[in-house]
1. Name the single residue that is most open to solvent (accessible area, probe 1.4 Å) among those in segment 247-256 being out of contact with any Lys or Arg (no Cβ under 6 Å at 6 or more places or on another chain) and under 20 Å from Ser180 (Cα atoms).
2. From the list Ile302, Ile263, pick out the single residue that is open to solvent by 50 Å² or more (accessible area, probe 1.4 Å), outside any loop (DSSP other than H, G, I, E, B) and at negative phi.
3. Return a yes/no flag: does segment 122-139 have any residue that is open to solvent by 10 Å² or more (accessible area, probe 1.4 Å) and of a type in the set (A, V, I, L, M, F, W, C).
4. Check Pro160 against each of (1) over 25 Å from Pro295 (Cβ atoms); (2) in contact with a Ser or Thr (Cβ under 7 Å, 6 or more places away or on another chain) and name the one condition it does not meet.
5. Can you confirm whether Val164 is open to solvent by less than 40 Å² (accessible area, probe 1.4 Å) and assigned to a strand (DSSP E or B)?
6. Only residues in segment 123-135 that are within 21 Å of Glu81 (Cα to Cα) and assigned to a helix (DSSP H, G or I) count as the first member; pair them with residues that are of a type in the set (Ser, Thr, Tyr) and modelled with pLDDT under 95, Cβ under 8 angstrom, at least 6 apart or cross-chain, and list the lot.
7. Within the group Val74, Val86, which residue is open to solvent by less than 40 Å² (accessible area, probe 1.4 Å), more than 30 Å from Met242 (Cβ to Cβ) and under 20 Å from the mean Cα position of the chain (by Cα)?
Amino acid sequence: HEGYNRKSLLVGAPRVLVTGATGLLGRAVCREFHSAGWTVIGTGYRRARPRLLRCDLTDEDAVRGLLHEYKPDVIVHCAAERRPDVMERHTEAAVNLNVHATSTLAKEAATCGALFLYISTDYVFDGRNPPYGEDDSPNPLNVYGRSKLEGERETLRHCPGAVVLRVPVLFGEVESVTESVVTSLYLKVQEASEESCTLDHVLQRFPTDARDVAAVCRKLSERARQDPSIRGIFHFSGKEQMTKYEMAVAIAQAFNLPSSHLIPLTEQPAASALRPINSQLNCSRLELLNLSVEPRPFTSAIIDCLWPFTPDKRWRQTVFH
């Protein structure tokens, strides 16, 4: 990721500021814009590292100073607390990040004339009547969904030209298997020698590759800079409907591992946060504007993401060549 800092702000190249640049989606967004010739300024906080700027997004003065110094053309706001069960227990900190920091960024983006792109979630819907279009009424079931919906409202209130992109559960090139709820299923698959393992077979999910979301963010940003009618809410989602059980079985099959120890659980598990049964997103608005990408098939994408964690990292060469 050479070039995510002030030393190489390319003259004339458009600048994108990516919050949450250490996270799964933030890393993918940085890579996508970088490879398209943008100057990328990535920010992190707890996981800040070299070539990224450390910034506490809940500190209004720090945010103002950052935007003043780097003058981005586009801000892609990926930073969020996105673990629903954690949010039920630590509501205040999560609301500070998901709502108040978003509000600050939206205000400052409007002030400095940057395009603001806010990443939101399918969890703004209750899941009772899918698929959901951009104009359907949100009705979040948990604190996470409510905080992201509030973030959307703050975004569009302070920055009417902003873009909100709702996406479902993400996976991608993870730094550890547990970084995504999708890739963490690989651990369950590997427990074949142990006793059986129950997995949710009720909640319908649409696992989506962060690389595809990053490409959509770039396309939206490029078009919105030219065309002010590109604003408001958009949906993007993978197309394959799967429960956690079905994802785990697909992972097992992709790596030629047994799946007979995986048991589908057909009652909703007692988690601390309620989750929508099926919050499928209708993505036709992006498609009609030719701003979508064809989602990567789940099996090939999950092999991409997990093969570095297989016992034999040369597995990929041995299978495909």
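1. Checked segment 247-256; the qualifying residue most open to solvent (accessible area, probe 1.4 Å) is Gln253.
2. On the way: Ile302 fails: open to solvent by 50 Å² or more (accessible area, probe 1.4 Å).
Among Ile302, Ile263, only Ile263 is open to solvent by 50 Å² or more (accessible area, probe 1.4 Å), outside any loop (DSSP other than H, G, I, E, B) and at negative phi.
3. no
4. Pro160 satisfies all of (1) over 25 Å from Pro295 (Cβ atoms); (2) in contact with a Ser or Thr (Cβ under 7 Å, 6 or more places away or on another chain) except (2).
5. Working: open to solvent by less than 40 Å² (accessible area, probe 1.4 Å): yes; assigned to a strand (DSSP E or B): yes.
So Val164 fits the description; yes.
6. Tyr123/Tyr144
7. Values: Val86 fails: more than 30 Å from Met242 (Cβ to Cβ).
Every option except Val74 fails the conditions.
Here is a yes/no grid of residues against (1) touching a residue at least 24 places away in the same chain (Cβ under 8 Å); (2) under 21 Å from Glu152 (Cα atoms); (3) touching a Ser or Thr at 6+ places or on another chain (Cβ under 8 Å); (4) part of a loop (DSSP other than H, G, I, E, B):
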| residue | (1), (2), (3), (4) |
| --- | --- |
| Thr43 | yes, yes, yes, no |
| Pro50 | no, no, no, yes |
| Gly65 | no, no, no, no |
| Ile75 | yes, yes, yes, no |
| Ala93 | no, yes, no, no |
| Leu97 | yes, yes, yes, no |
| Ala101 | yes, yes, yes, no |
| Ala106 | yes, yes, yes, no |
| Ala109 | yes, yes, no, no |
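The values are calculated or read from the model by the stated rules, or taken from the named source; none is laboratory data. These numbers come from a predicted model, not from an experiment. Here the Cβ is made from the backbone with ideal geometry for all residues, glycine too, and neighbour counts use every protein chain on show. Protein only, heavy atoms only, side chains kept; ligands, DNA and RNA dropped before computing areas. Shrake-Rupley method; radii C 1.70, N 1.55, O 1.52, S 1.80 Å.
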